[in-house]
Amino acid sequence: FACVKNELVPSHPLELSEKNFQLNQDKTNLAMLRNIQGLHAPLKLQMELRAVKQAQRLPFLHSSNMALDTLRGNDECIGFEDILNDPSQSEVMGEPHMMMEYKLGLL
C-alpha cells in the first residue's frame with residue numbers, strides 16, 4: 001500500500017501545521033535568539049536540550065520532563081495534558097524488572 005500512502009493528503013489545511021507546531025516554534029525561537037544574542041546562544045540552548053532529552057527515568061516511572069519544559073519556556077503554560085493528562089503517558093505500574101529487560105532488549 002505504499003502508493004496509496006503517498007497519495008494521502010491531510011484532511012484539513014491546518015493539520016500539517018499543528019503536527020509540526022513545536023518544531024516550527026523551536027526554529028523560530030532559535031532564529032530570533034541568534035539575531036539578538038549571536039551564534040553562541042542557540043548552540044548552547046541546543047546542547048542543553050539534547051542533554052535534557054537524553055536523561056530519562058526508568059521505564060516504569062512517570063517523567064514530567066520539567067527540565068525540557070523549562071528550557072522551552074512551557075513551564076508557565078497550562079495545556080490540555082496538564083488538566084486531563086496525556087493518554088499516552090497514563091499511569092501504568094508494571095513489573096519493574098520486566099519493563100527494564102524489555103527496554104534493554106533482553107526479552
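The values are calculated or read from the model by the stated rules, or taken from the named source; none is laboratory data. None of the values given here were measured: they were computed from a predicted structure. Every residue, glycine among them, receives a Cβ derived from its backbone with ideal geometry; neighbour counts consider all protein chains shown. The area values use the complete protein model at the heavy-atom level, side chains included, leaving out ligands, DNA and RNA. Shrake-Rupley method; radii C 1.70, N 1.55, O 1.52, S 1.80 Å.
Values computed for the structure shown
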{"quantity": "Meets criteria (out of contact with any Asp or Glu (no Cβ under 6 Å at 6 or more places or on another chain), closer than 30 Å to Y102 by Cα and either among the hydroxyl-bearing types (S, T, Y) or open to solvent by 100 Å² or more (accessible area, probe 1.4 Å) (or both)) for K44", "calculated": "no"}
{"quantity": "Sole residue being open to solvent by 70 Å² or more (accessible area, probe 1.4 Å) and among the polar types (S, T, N, Q), chosen from N74, N35, N20, N29", "calculated": "N35"}
{"quantity": "Some residue of the stretch 3-12 being open to solvent by 70 Å² or more (accessible area, probe 1.4 Å), over 30 Å from E101 (Cβ atoms), among the charged types (D, E, K, R) and modelled with pLDDT of 80 or more", "calculated": "no"}
{"quantity": "Test: R50 is surrounded by 11 or more Cβ atoms within 10 Å (Cβ to Cβ) and at pLDDT 85 or above", "calculated": "no"}
